[in-house]
1. Looking at the structure I just gave you, is residue 205 within 17 Å of residue 166 (Cα to Cα) and either modelled with pLDDT under 90 or out of contact with any Pro (no Cβ under 8 Å at 6 or more places or on another chain) (or both)?
2. Just checking, which of 181, 232, 199 is among the charged types (D, E, K, R), open to solvent by 80 Å² or more (accessible area, probe 1.4 Å), at pLDDT below 90 and farther than 25 Å from residue 112 by Cβ?
3. Regarding residue 157, is this residue in contact with a Phe, Trp or Tyr (Cβ under 9 Å, 6 or more places away or on another chain), modelled with pLDDT under 95 and within 27 Å of residue 113 (Cα to Cα)?
4. Working carefully through the options 136, 190, find the one that is more than 19 Å from residue 51 (Cα to Cα) and surrounded by fewer than 17 Cβ atoms within 10 Å (Cβ to Cβ).
5. Across region 102-115, what is the number of residues that are buried (at least 17 other Cβ atoms within 10 Å of the Cβ) and touching a residue at least 40 places away in the same chain (Cβ under 8 Å)?
6. Could you identify the single residue in 53, 70, 105, 75 that is at pLDDT 80 or above and either in contact with a Cys (Cβ under 9 Å, 6 or more places away or on another chain) or on the phi < 0 side of the Ramachandran plot (or both)?
7. Any idea how many residues of region 63-101 are over 22 Å from residue 51 (Cβ atoms), open to solvent by 60 Å² or more (accessible area, probe 1.4 Å) and either in contact (Cβ under 8 Å) with a residue 60 or more places away in the chain or of a type outside the set (A, V, I, L, M) (or both)?
Amino acid sequence: MWIISRHQTKLKFGQSHSQLESLIQERTVALQVLSRRLLRVQDEERRRVARDLHDSTGQLLTALKILVALLQRKLDKDEEIREELSAIARLADQALQEIRTTSFLLHPPLLDEIGFHSAARWYVEGFAERSGLKVRMDFTPETERLPDVVETALFRVLQESLTNVHRHSGTSEVDVRFRREAEVVTLEVRDFGRGIPGELLTRMGDPSRHSGVGLAGMRERLNELNGGFEIEAANPGTRLLAVVPLCAKAASAYALAG
């Protein structure tokens with residue numbers, strides 16, 4: 001009797017364990033679906049806000065500049081008023097430029113109109129100007145457009161990577177390389193800064209451990225495309241490599257390699 005009871009207990013334990021694993025897998029898949037949906041909603045919201053800033057707020061500031069110019073012509077004999085109006089015009093110019101920059105950073109029109117290649121170059125050049133860092137670009141010559149989802153994912157990875165470099169690396173130089181081959185595209189961002197401590201680097205490379213919202217977002221975007229990324233010490237500095245397969249064959253090979 002005791003042997004039968006023990007056998008039944010083991011059987012029930014095995015069933016419970018199997019059910020628990022199945023439940024964990026279901027919850028993991030559900031979280032991944034939710035995460036991807038949130039990223040798509042975020043991209044759409046960025047696109048909407050960027051359009052509203054450019055089309056609405058930008059137009060209002062442009063109208064303000066026109067009115068100021070009209071007042072300057074009418075009151076050009078009063079030097080004090082003319083100087084005050086000039087100050088207002090300069091502030092309007094500054095606000096308009098900042099709104100355009102913010103709009104483009106949220107969702108650059110070039111990404112939709114021309115594609116990742118041109119949008120990435122524009123962004124990197126602007127980043128270098130804003131940050132004061134020396135950025136070297138090495139891009140495969142543009143041939144044809146990538147799928148929209150791939151272009152958006154690569155652009156967001158580029159943004160997040162360069163933001164992290166500027167905030168944390170302490171570098172003065174950055175290399176950005178983009179390669180397009182028949183079956184895969186790769187984006188590499190390498191800095192020459194202080195690097196990342198080994199323990200933290202290991203944690204950042206482990207998908208099962210918390211590694212920050214930015215890295216989690218990059219990983220999720222690339223996972224959705226059957227791609228992925230790795231972060232490694234570059235001595236000096238840090239290297240991030242993002243990979244996106246462009247066909248089912250390449251996606252399978254990448255998944256097996258990963």
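1. On the way: within 17 Å of residue 166 (Cα to Cα): no; either modelled with pLDDT under 90 or out of contact with any Pro (no Cβ under 8 Å at 6 or more places or on another chain) (or both): yes.
No; evaluated as a whole, the condition is false for this residue.
2. Working: 181 fails: farther than 25 Å from residue 112 by Cβ; 232 fails: open to solvent by 80 Å² or more (accessible area, probe 1.4 Å).
The conditions single out 199.
3. Working: in contact with a Phe, Trp or Tyr (Cβ under 9 Å, 6 or more places away or on another chain): yes; modelled with pLDDT under 95: yes; within 27 Å of residue 113 (Cα to Cα): yes.
Against the criterion (in contact with a Phe, Trp or Tyr (Cβ under 9 Å, 6 or more places away or on another chain), modelled with pLDDT under 95 and within 27 Å of residue 113 (Cα to Cα)), residue 157 qualifies.
4. Working: 190 fails: surrounded by fewer than 17 Cβ atoms within 10 Å (Cβ to Cβ).
Every option except 136 fails the conditions.
5. Our first condition is that a residue be buried (at least 17 other Cβ atoms within 10 Å of the Cβ); within region 102-115, this holds for 103-104, 106-108, 110-111, 115.
From what's left, touching a residue at least 40 places away in the same chain (Cβ under 8 Å): 103-104, 106-108, 111.
Residues that pass the stated criteria total 6.
6. Values: 53 fails: at pLDDT 80 or above; 105 fails: at pLDDT 80 or above; 75 fails: at pLDDT 80 or above.
Answer to the check: 70.
7. Residues flagged as over 22 Å from residue 51 (Cβ atoms), open to solvent by 60 Å² or more (accessible area, probe 1.4 Å) and either in contact (Cβ under 8 Å) with a residue 60 or more places away in the chain or of a type outside the set (A, V, I, L, M) (or both) within region 63-101 amount to 11.
The values are calculated or read from the model by the stated rules, or taken from the named source; none is laboratory data. A quick note: this is a predicted structure, and the numbers were derived from the prediction, not measured. Reconstructed Cβ throughout: ideal geometry from the backbone, glycine too, with neighbour counts over all protein chains shown. Note: accessible area is taken over every heavy atom of the protein model, side chains too, but ligands, DNA and RNA are not part of it. Shrake-Rupley method; radii C 1.70, N 1.55, O 1.52, S 1.80 Å.
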